[in-house]
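First up is the structure itself, then whatever we jot down about it.
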């Protein structure tokens, strides 16, 4: 066999192996869950909720790559939601999964500037709890809307074109709250306990 044929055979074999590995990884790759699909999983009884303790911040992206939804993110742990297939994928990555307790589920205060009825409808479809306001009924836009929601809803709000801010503060009155943009919160990960 000449050297050219050997090189050609090696190239063909490399291409075939690359194609096989790409097709296998594409089959095992699971898309991220949507809010609508989470509702279907809940009604089927296949919605799993687990807590994972974090060793370093890079693990959050690793966990998210499996397609699960990170419902709560804290500096030392995350609470994830997903179907049994995605949760098993997280387990196979070597993470220890534990049952979360009630205080592990953090529901965060938020503020968002709403400019139209369309934005308000997108907010209702995304957020967990929107505070009633007479100005909403009268459709007096623009106005800030306040409420509470889970961490994953901030990401979905951003995807829906809403610039939701995560807030914190000890006071009941919203004027005492301090609010930061969603992306700023993810980079700083302040302690909101």
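Values in this text are rule-based calculations from the coordinates and carry no lab data. For clarity, every value in this text was computed on a predicted model and none was experimentally measured. Cβ coordinates were reconstructed from backbone atoms using ideal geometry, including for glycine residues, and neighbour counts include every protein chain displayed.
So how far apart, in nm, are the two label points at residue 106 and residue 134 if each is 7 Å from Cα heading toward Cβ?
Roughly 3.5 nm, to one decimal.
Starting from 0.36 nm per residue, how many nanometres of slack lie between residue 99 and residue 180 once their C-alpha separation is accounted for?
So the chain would gain 26.1 nm between residue 99 and residue 180.
With a 10 Å Cβ neighbour count serving as the proxy for reagent exposure, in which order, fewest first, do 36, 155 appear? Walk me through the intermediate numbers first.
Numbers: 36 8, 155 18.
Result, fewest neighbours first: 36, 155.
Counting only C-alpha contacts under 8 Å and six or more residues apart, can you give the relative contact order of segment 19-143 as a whole percent?
22
Given R₀ = 25 Å, FRET efficiency for residue 44-residue 88 by Cβ-Cβ distance, to 0.05?
It comes to 0.90.
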